[in-house]
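Engineer: I have a structure here, written as structure tokens, and I will follow up with some questions on it.
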Amino acid sequence: MMTLLLEFLFDYGLFLAKTLTVLAGVGLVVVLVFRSRQSSEHREHLEITDLKDRFRTLTFAIKEFSVSKKDYKALVKAERKREKEREKAGESDRKRLFVIEFNGDIRASEVGALRVLVTALLMEAHDGDQVLVRLDNAGGMVSEHGLAASQLARIRKQGIPLTVAVDKVAASGGYLMACVANKIIAAPFAVVGSIGVLAELPNFHRLLDRYGVDFELHTAGEYKRTLTLFGENTDEGREKLREQLEETHRLFKSFVAENRPDLDLERVATGEYWHGQRAVELGLVDEIQTSDDFLLSASRDMELLKLKYRAHKKPIERLLSSVRAAIDQVLVTWRR
């Protein structure tokens, strides 16, 4: 009897221990998941890459394979000596070139990160610092690109020399951003210009009417809606939309003229685009030069710091962003 009781107590104790272990494990997992989710919701950080150090590392990697070991050791020793001399010169004497990359889409999705970067930069920049924006943007929505351009204008208004480099394209809203710079450089075959405004939408009214589908649209305000996707559009609505487009175009031209007063707007504000050298001749661009050559030249007497702001996105947000980006790319390519 005593033996059975001891076995029961032993089995019960073992069961209880296992149960508590499982509960503790589940509790730990729940806590970790909660903390991970809580921290990820607020996770954001600024990435700073020393481009000069990166280029130097790549250069020495090539030299290591192209010169003798003796010469390579001498080069490394000389570089260390120069580095110590730079450190002795003091942080306050260092001129810095801050590098920002802006890869645009129809919605100018990176404008949120740009706002943060510009604010951080303005709080830190001092005399002698400069900013280079490597811009790749084929344009899109007016308000979003206008906001992006206003962020670059903040840099220029603070008296910080701003250069925009166009290696591929700065068209329409992209040029709205580029024209803010003190200096615009472009690669020989970069696409620049497209100072114009467009609006396009399909209309399914006749298709719906064929199948007996009614569509009702109720508005308050004469021009609350000019054209619709499903209703019957009128000549009056079309004319009003054209007026709105012309007004937006006037604002676009006024903004460009304010930042590049020597431009012949009647010549370049036609919605056309041009490649690098022709863009220089028209005054849309100041110089033919790639961003790589600009950085190489600046590296001789400046520190090169690339800034990138990252904010946490939920998996579904990342998926939707990827889908939108793919659709936008198709639309931009088709329009071009």
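The values are calculated or read from the model by the stated rules, or taken from the named source; none is laboratory data. Owing to the predicted nature of the structure, the values given are computational and were not obtained by experimental measurement. Every residue, glycine among them, receives a Cβ derived from its backbone with ideal geometry; neighbour counts consider all protein chains shown.
Engineer: In this structure, is GLU87 in a helix (DSSP H, G or I), at pLDDT 65 or above and more than 27 Å from the chain's Cα centre (by Cα)?
Structural biologist: no
Engineer: Please work out if GLY146 is within 30 Å of PHE230 (Cα to Cα) and in a loop (DSSP other than H, G, I, E, B).
Structural biologist: no
Engineer: Now for a separate question. Within region 109-143, count every residue that is aliphatic (A, V, I, L, M) and assigned to a loop (DSSP other than H, G, I, E, B).
Structural biologist: Residues meeting the conditions: 3.
Engineer: Moving on. Looking at region 275-307, which of its residues are farther than 17 Å from VAL164 by Cβ, of a type in the set (Lys, Arg) and at pLDDT 90 or above?
Structural biologist: Listed by number, the list holds a single entry, ARG278.
Engineer: From the list GLY231, GLY173, exactly one residue is of a type outside the set (Lys, Arg), in contact with a Gly (Cβ under 6 Å, 6 or more places away or on another chain) and in contact (Cβ under 8 Å) with a residue 24 or more places away in the chain. Which is it? Walk me through it before giving the result.
Structural biologist: Values: GLY231 fails: in contact with a Gly (Cβ under 6 Å, 6 or more places away or on another chain).
Every option except GLY173 fails the conditions.
Engineer: If LYS240 meets every condition in (1) farther than 30 Å from ASP209 by Cα; (2) surrounded by 14 or more Cβ atoms within 10 Å (Cβ to Cβ); (3) outside the structural domain of GLY174 (by TED's automatic domain parsing) apart from one, which number is that one?
Structural biologist: Failing condition for LYS240: (1).
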